[in-house]
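Worksheet for the structure shown next.
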Amino acid sequence: MLEEQILSLAGLLVVIVSFFLVGQAYYKPIVRAQGVQSFIIGMIAVALYVFSGKIDYLILGIAVISLRSFAISFALERAIKGRFGFRESVKGVASLLIIDLIAVAFFFVVIFYFESTVFQEVNDDVIFGTLLLLQGLMLSVLRKGTIPQIIGYVEEENGIVLFGTFLVSLPLLIEASALLDVLGLIVLTYIIIREKPEHDNKLDELVG
Amino acid sequence: MMSTVLMYLLFAVPLLGGASSLKWKFSSVAFSLVNVILAVLIFFNPPPVGAFFVDDVSKVFVVMNASITFIVMLYSTEYIKDGIVKEGWYYLLFMIYSDAIYGVVTINNLGLVWASLEASTALTVILVAYEKDNVTMEATWRYLVIVSMGVSIAFVSIILFYYDLHTLTLTSMIGRGEVSPITVAASLLGLLGFGTKAGIFPGYTWLPDAHTEAPATVSSSFSAVLVPSAAVVVYRIWEIAPFMTEYFLVLSGFSVLTASLMMARQKYFKRLFAYSTLENVNIGLIGLIVGQPLGALILFFTHAFGKTAAFLSSGVYMERLNTKKIEDVEKVGLSYPTSTSLFLASLAVTGTPPFGTFVGELLIFTTLFHVSVPLLIVLLTSAGIAFVSVNYHVTRMVKPREEKAYSGILGYISLASAILSLLVGLIAIGVVQ
């Protein structure tokens, strides 16, 4: 019982951090909040190892904490250093947060209905993973800046890890491939951010 | 046993070629030629089902990937200079990327197929960004974000498949015929997720951008190999959940229609060919799904050579005339062999007889007549629009008001690829008869 409450509380914390990410215009806090979010998810996997004794969870937890919480945060902080102002040059972040809250409330009802009809015998905490995945997509779609968009992608991947962790433990090889791919893409993002700080969407060659 | 060794060699040779091309760029050509030989051997002697799953579709795609990589490497030695990374790294990344594609079409595990497809994205980001200007970086960013997020959705489908079927081995997943809400959700997410990379609506928006801005060699490999290989993964998802046929056909049909409508108003020739890729690959996928694998494979194979010729010719135009605009080439164009190559490529990718694309499309449309007449009407209309659009624009390019002479090796490599597409078509007609 206590174990379930710990996991549910951690899942809830992860979703709360995702709201902070949508409503934050400054880059550095976004990067760090992503690090915190990944750390909590890694700790959830470690907790599952403690509760179940499956070594796969421990390896996954360590990999998530070291790669996503530390390595990705470090790479992104290095990338924005000296290249950007302190915040995204977009107005109305607060109103985006309200849109996001409404969307999440709607998603919650839909997902809860879906889970109660399809996944009858599944841990209710799966909903946190699904919500986080959708929050990641929302962050990338709602925000125009390079950093929020890539954080949205990392958040989406975090949602998948959380979803997979609560639903079914995948073979470790597949999990490892997914983690390494995300790390590879972040390194590439670092290169792109260094070469091109912000986006110009009015490029004639990329229209139509 | 021998065939399994050949498979491991198929994966090892590009790694060696890539590593040695850091020192000597021509080694990528030599090693990719070795892979063409290995691919042909595997075609006639495929490995038994185990770690690999090499059916008729995979066999053709292995040969296709090896052949196109060889042509592109040969062209690159003359075309590629230092870009966002040193020239040697271009060859290394390209060769490892070709390995990832072998993994996508041959590995017998859906999770590792996903990992290979995601790796192909990571490996090609630098290749797309190679020319490093502002527009290129924007296109690369769109490619990275859209494809990564799409393929992440595909990973959710893999989790759901594993939860429901307790395996990710393709040969164990295919043919079960189990209908459950989770398999329905997994196959829909798989269609949307893998479909992003396969050029299926709504996630295909990255494709015209990346094709326009990547070097011609990368665009040709994307169109000829990468996008069709992702379509094979979508086909595998359909094989796992064949009861979802309508969803697959509707989305692919809609992709063909929207792509052909976009072709008419294009101002940039590489963008025009990118939309043509969407059209051809989706018709090929529909062919596989409606049970016309011969037509689909002929279409994929000849389209690969035709589209390679189209993009490699475009590369010569861009290099010599320093433009990507159709109207600029209409004023000042290029002479034989590049103009001939572009014209033949245009005929090849629009399904003109006697090119193989014509044979493939004819077989698919004939089968489709017995499956869905409304979809057949949509495809015939779209193919007609695409034919007129591509050939109209290309005719403007090959009949310029002023012509610059260029008889370098790049034009002849493009021409050879276009002629190969024609030859395969003639052989296909013989086989079908």
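The values are calculated or read from the model by the stated rules, or taken from the named source; none is laboratory data. Please read all numbers here as calculations on a predicted model, not as lab measurements. Heads up, the Cβs are rebuilt from the backbone with ideal geometry, glycines too, and the neighbour counts pull from every protein chain shown. Surface accessibility is based on the protein's heavy atoms, side chains included, excluding ligands, DNA and RNA. Shrake-Rupley method; radii C 1.70, N 1.55, O 1.52, S 1.80 Å.
Things to note:
- Computed over the Cα atoms of the protein assembly as shown, pair by distinct pair, the Kirkwood hydrodynamic radius stands at 25.0 angstrom.
- Across segment B:1-114, C-alpha contacts under 8 Å between residues 6 or more apart give a mean separation that, scaled by the residue count, equals a relative contact order of 35 percent.
- Residue with peak Gaussian network fluctuation, chain B [Cα springs, cutoff 10 Å], from B:Gly111, B:Gly83, B:Gly199: B:Gly83
- Percent carbon-and-sulfur accessible area, segment A:2-197, ignoring ligands, DNA and RNA, probe 1.4 Å: 71
- Long-range HN-HN contacts of B:Ile107 with modeled amide H, under 5 Å: B:Phe53
- A:Ile59 contributes about 80 Å² of solvent-accessible surface, heavy atoms of the protein only, 1.4 Å probe.
- With the convex hull of its Cα atoms as the shape, segment A:2-197 has an orientation-averaged projected area of 10.5 nm².
- Cα gyration tensor category, rounded, prolate or oblate, for segment B:52-144 with a/c compared to 1.5: oblate
- Comparing B:Val113, B:His303, B:Tyr317 along the charge dipole axis of chain B, the residue lying farthest to the positive side is B:Tyr317, per the Cβ-charge model.
- Sites B:Thr77 and A:Ile59, calculated FRET efficiency, Cβ-Cβ separation with R0 41 Å, nearest 0.05: 0.40
- Mean residue ellipticity, 222 nm, helices only, chain B: the sum of -39500 (n - 2.57) across DSSP H runs of n ≥ 4, divided by residue count and rounded to 500, is -26000 deg cm²/dmol.
- Comparing Cα centroids, segment B:75-90 and segment B:185-230 end up 24 angstrom apart.
- Computed on protein heavy atoms with a 1.4 Å probe, the accessible areas place B:Arg176, A:Arg32, A:Arg143, B:Arg401 in the order B:Arg401, A:Arg32, B:Arg176, A:Arg143, largest first.
- Relative contact order [Cα under 8 Å, 6+ residues apart], chain A, whole percent: 25
- Computed over protein heavy atoms with a 1.4 Å probe, the carbon and sulfur contribution to the accessible area of chain B reaches 69%.
- Those lysines that a straight Cα-Cα span of less than 30 Å connects to B:Lys404, excepting residues fewer than 8 apart in one chain: B:Lys25, B:Lys81, B:Lys132, B:Lys267, B:Lys270, B:Lys307, B:Lys324, B:Lys325, B:Lys331
- Amide H contacts under 5 Å for B:Glu403, placed H, 5+ residues apart: B:Gly333
- Residues along segment B:213-259 losing 10 Å² or more of accessible surface when the other protein chains are present rather than the chain by itself (probe 1.4 Å): B:Glu213
- Spin-label model distance (nm) - A:Glu77 vs B:Lys86, 7 Å beyond Cα toward Cβ: 3.2
- At a threshold of 20 Å², the residues of segment A:159-175 that become less accessible to a 1.4 Å probe in the full protein assembly than in their chain on its own are A:Ile160, A:Phe163, A:Leu167, A:Val168, A:Leu170, A:Pro171, A:Leu173, A:Ile174.
- A Gaussian network model of chain B, with springs between Cα atoms under 10 Å, assigns the largest mean-square fluctuation among B:Glu138, B:Glu361, B:Glu279 to B:Glu138.
- Choice from A:Val126, A:Val22, A:Val141 with maximal GNM fluctuation in chain A (Cα, 10 Å cutoff): A:Val141
- Quarter of the Cα convex hull surface for segment B:242-433, i.e. its orientation-mean projected area (nm²): 9.9
- Accessible area per residue in Å² at 1.4 Å probe, computed on chain B: 32
- Mean Cα-pair separation over length for chain B, i.e. relative contact order, pairs under 8 Å, 6 or more apart, %: 14
- Reduced Cα scattering model of chain B, Debye log10 I(q)/I(0), q = 0.07, 0.09 Å⁻¹: -0.29, -0.50
- Considering only Cα atoms, the convex hull volume of segment B:30-87 works out to 104 Å³ per residue.
- Accessible area buried at the A-B interface, both sides summed, 1.4 Å probe (Å², nearest 100): 4000
- Mean Kyte hydropathy of 0.5 or more with a Cα span along the axis of at least 30 Å, helices from DSSP in chain A: A:2-22, A:27-52, A:93-118, A:146-167, A:172-195
- Residue order by solvent-accessible surface for B:Lys25, A:Lys54 is A:Lys54, B:Lys25, largest first, with ligands and nucleic acids left out and a 1.4 Å probe.
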